[in-house]
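**Student:** Supplied in structure tokens, the structure appears directly below.
The values are calculated or read from the model by the stated rules, or taken from the named source; none is laboratory data. Computed from a predicted structure; not experimentally measured. Reconstructed Cβ throughout: ideal geometry from the backbone, glycine too, with neighbour counts over all protein chains shown. Ligands, DNA and RNA are excluded from the accessible area calculation, which covers all protein heavy atoms including side chains. Shrake-Rupley method; radii C 1.70, N 1.55, O 1.52, S 1.80 Å.
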Amino acid sequence: MADLLDDPARLAVLHGAMLRTEADVLLDACVAQAARLARAPIAMVSLVIRHIQLLRAHHGLPLELAVSCATSRSNSFCQIVVRDEAPLIVEDALRDERVPKDLVEHYGIRAYAGVPVRVSGHVVGSMCVLDVVPRRFERPALDGLEKLSVDVAGRLAALVEREAPLCSPATTERLVRIEQATRVLERALLALAPVIAAAPGARAARAAGTGAPAPDVPRAPHVSPADLRAAVGCWRDMGPIAEELCEEAAILARSAPCEAASEVVAEARALARCLVEIGPLVRLAEGVLDGTVGEAAAGKGAALVLRGAIGAYDAASTAARTIRGIVERARTSTGGGAAV
């Protein structure tokens, strides 16, 4: 069933404004209503990506999770909703063998009810409520979650549709812009590398995941606050550039439809998703720097996202290299890039 979680068609739906973390009035209203209906302290709209579950809207979360807006996908209950494309009800997480135990151990989560959120025919995540005591969820609350999931799906689809790019300059110009944006993102990723490598537990997390560090990620024993602030700023600058890259790629694919253009679109969206998945670790670091999150709490939150952030960093670097390679070949084969 893991193939469904990593289905390229499902992941392709997850892009653009859908993956932002700023508050959205309609989504926030949905999670608040879900908490009231279920009489639960915690409610979330969770989007299950490749490495993390992004908490797109939330109510009642511990501070560090509200800051990171994520946990690793492997820690999540919502991955089961997406994998099975069906509701998941957990009355006592401590005794339920279906669910991971990380959230049980770290935050005392004992009960969960989640229903699928479908966008463009794919389950992208879950509308869910959680409690810190074992309990049953009544049918009216579950029916309410189902109705709210439809509202959430409509809002997520509308956010993406509202961002649809408009007109289309020459293909050559598009290729140049895509290549320039990709090179900027590659440089920014290099600036992030020492910070990710120096995160507590990063070496062990990488060894557990891929076996050995990627050659372009240096191991840094210590990162100064100034370097960390620079990395945080760098990551924030990457978001708009990645969005612009996705827009340019989408317009290119429409104006010069072919396999290479489609590959650029897919890789650009994958790169943007990876930046979202790196985000929780960066936001926690920023919280420590700004004094809004204590180091102990940040470390607790980081433990849930570190491995996913490292995997996303490696995938983002690969996607950037792939995009640049496609564009360079296109421009060379056309004597300057008249078409892809």
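**Student:** Taking all protein chains as present, what is the carbon and sulfur share of the accessible area of the chain, in % to the nearest whole number, probe 1.4 Å?
**Tutor:** Heavy-atom surface of the chain belonging to carbon and sulfur, 1.4 Å probe: 55 percent.
**Student:** Additional query: Whole number in Å², please: accessible area per residue of the chain, 1.4 Å probe, ligands, DNA and RNA not counted.
**Tutor:** 44 Å²
**Student:** Moving on to the next point. Regarding region 243-299, what whole-number volume in Å³ per residue does the convex hull of its Cα atoms give?
**Tutor:** 65 Å³
**Student:** Cα atoms only, region 230-340: Rg and Dmax in Å?
**Tutor:** Answer for region 230-340, Rg first and Dmax second: 17.3, 56 Å.
**Student:** Taking the chain as the reference, fit the longest principal axis to its C-alpha atoms, fit the long axis of helix 25-38 to the helix C-alpha atoms, and give the angle between the two in degrees, 0 to 90, nearest 10.
**Tutor:** 20 degrees
**Student:** Which order, highest average first, do 290-296, 246-252, 316-322, 82-88 follow once you tally other Cβ atoms within 10 Å for each residue and take the mean per peptide?
**Tutor:** The packing order, highest mean first, is 246-252, 316-322, 82-88, 290-296.
**Student:** Using a 1.4 angstrom probe with every protein chain in place, what is the largest-first accessible-area order of Val150, Val117?
**Tutor:** Result of the area sort, largest leading: Val150, Val117.
**Student:** What is the magnitude of the charge dipole of region 73-198 about its Cα centre, with +1 placed on the Cβ of each Lys and Arg, -1 on the Cβ of each Asp and Glu, and no other charges, expressed in debye to the nearest 20?
**Tutor:** The dipole of region 73-198 has a size of about 240 debye.
**Student:** Mind pulling the angle between the C-alpha long axis of helix 259-290 and the longest principal axis of the chain? Nearest 10 degrees, somewhere in 0 to 90.
**Tutor:** Taking the Cα atoms of the chain, the angle to 259-290 is about 50 degrees.
**Student:** Going 7 Å from the Cα of Asp143 along its beta-carbon direction, which residues of region 35-73 have the amide nitrogen within less than 20 Å of the resulting point?
**Tutor:** It comes to 35-40, nothing else.
**Student:** Can you show me the helix-derived [θ] at 222 nm for the chain, built from DSSP H runs with n ≥ 4 at -39,500 (n - 2.57) apiece and divided by the number of residues, rounded to the nearest 500.
**Tutor:** Result for the chain: -20000 deg cm²/dmol, rounded to the nearest 500.
**Student:** Using packing as a proxy for protection, rank 39-47, 173-181 so that the peptide with the highest average count of other Cβ atoms within 10 Å comes first.
**Tutor:** In descending order of packing, they fall as 39-47, 173-181.
**Student:** How large is the Kirkwood hydrodynamic radius of the chain, counting all unique pairs of alpha carbons, in Å?
**Tutor:** Hydrodynamic radius (Kirkwood, Cα only) of the chain equals 20.7 Å.
**Student:** Using a Förster distance of 56 Å, how high is the FRET efficiency between Arg39 and Glu295, based on the Cβ-Cβ distance and rounded to 0.05?
**Tutor:** The formula returns an efficiency of 0.95 here.
**Student:** Treat each spin label as a single point 7 Å out from the Cα along the C-beta direction, and report the Ala226 to Ala32 distance in nm.
**Tutor:** Those two pseudo-labels are separated by 4.4 nm.
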